[in-house]
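To start, the structure under review is shown below, and the notes come after it.
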Amino acid sequence: MAAKHDIKIECWFPLGGRDSKGEILRNPVINDIAKAHGKSAAQVIIRWHLQEGFSVIPGSSNPAHIRENIEVFDFALTAEEMQQIRALNKEQRYFNMPYEQQKQWFSQWNPTD
């Protein structure tokens, strides 16, 4: 019997990254849900991605933010909250590196570093 393989969506910059200037974290829907759970907006966003079945990679060098990003397994979003967050989709990206810049960036990458 062949092994079953699932393809996972990998979510880079799920909190918007620097280019978003915190817009996602200030969203009133996200913040209302966060308040209801006693969590931060970042925790709600990460939890939403996990409940959707995505692989989430939030980045931070701040130890407090790293701890906060991990503390998302002690609550669950309701089906209604999940739908409210899905409805926020604008098909918008905050990080759009032009092709020429990508070529330069990845040509410098060394997998042994």
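Okay, here's what the table says:
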quantity: Candidate values (1) 1.03; (2) 0.93; (3) 0.95, label of the one derived for Rg/Rh (Cα atoms, Kirkwood Rh); calculated: (1)
quantity: Accessible area of segment 7-95 divided out per residue, in Å², using a probe of 1.4 angstrom; calculated: 67 Å²
quantity: 222 nm mean residue ellipticity, helices alone, for the chain (DSSP H n ≥ 4; -39,500 (n - 2.57); rounded to 500); calculated: -11500 deg cm²/dmol
quantity: Efficiency of FRET from Cβ geometry, LYS35 and ASN89, R₀ 22 Å, rounded to 0.05; calculated: 0.50
quantity: Extension gain (nm, one decimal) between SER55 and GLU100, 0.36 nm per residue minus Cα-Cα; calculated: 13.4 nm
quantity: Long-range amide H partners of VAL56 with built H, under 5 Å; calculated: CYS11
quantity: Carbon + sulfur, % of accessible area of segment 1-90 - ligands and nucleic acids excluded, 1.4 Å; calculated: 56 percent
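The values are calculated or read from the model by the stated rules, or taken from the named source; none is laboratory data. The structure displayed is predicted, hence computed values, not measured ones. Cβ atoms come from the backbone with ideal geometry, glycine included; neighbour counts cover every protein chain shown. Note: areas computed on protein heavy atoms with side chains; ligands, DNA, RNA excluded. Shrake-Rupley method; radii C 1.70, N 1.55, O 1.52, S 1.80 Å.
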